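Worksheet: one structure, shown below.
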Amino acid sequence: MILDESTSNLDAETEEFVVEKLRKEREKIKIIIAHRLNTLRHCNKIIAIQDGVVVEAGSPRELIKQKGMFYRFWTSQSNAFNSDENVEEQL
């Protein structure tokens, strides 16, 4: 299943419904392209690509700990600037 920006035009309630359905389908392979990172919080592996080059890969928790590109985008979207613990609690 390939989802390209599948939640970009959804309200928050509908987005959460879609994300929950995707989470329950964990045994199926999905490729999800998203700028709204909340959609990706239950993924097993995230691959961050910049200018056609893979710059990071790992689980959401691993990428948060690396404090790279995913971390910067996650904190900017979630307004979680208080502490690293607060950021990890959101996953």
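Bear in mind that the values in this text are calculations on the coordinates, not laboratory data. Keep in mind the model is a prediction, meaning the values are calculated, not measured. Please note: Cβ atoms are built from the backbone with ideal geometry, for glycine as well, and neighbour counts cover all protein chains shown.
Just a few scattered comments:
- On inspection, Gln66 qualifies as free of Cβ contacts under 8 Å to residues at least 40 places away in the same chain and touching a strand residue (DSSP E or B) at 6+ places or on another chain (Cβ under 7 Å).
- Looking only at segment 51-63, and only at residues there that are within 26 Å of Lys28 (Cα to Cα) and out of contact with any strand residue (DSSP E or B) (no Cβ under 9 Å at 6 or more places or on another chain), the one that is surrounded by the most Cβ atoms within 10 Å (Cβ to Cβ): Arg61
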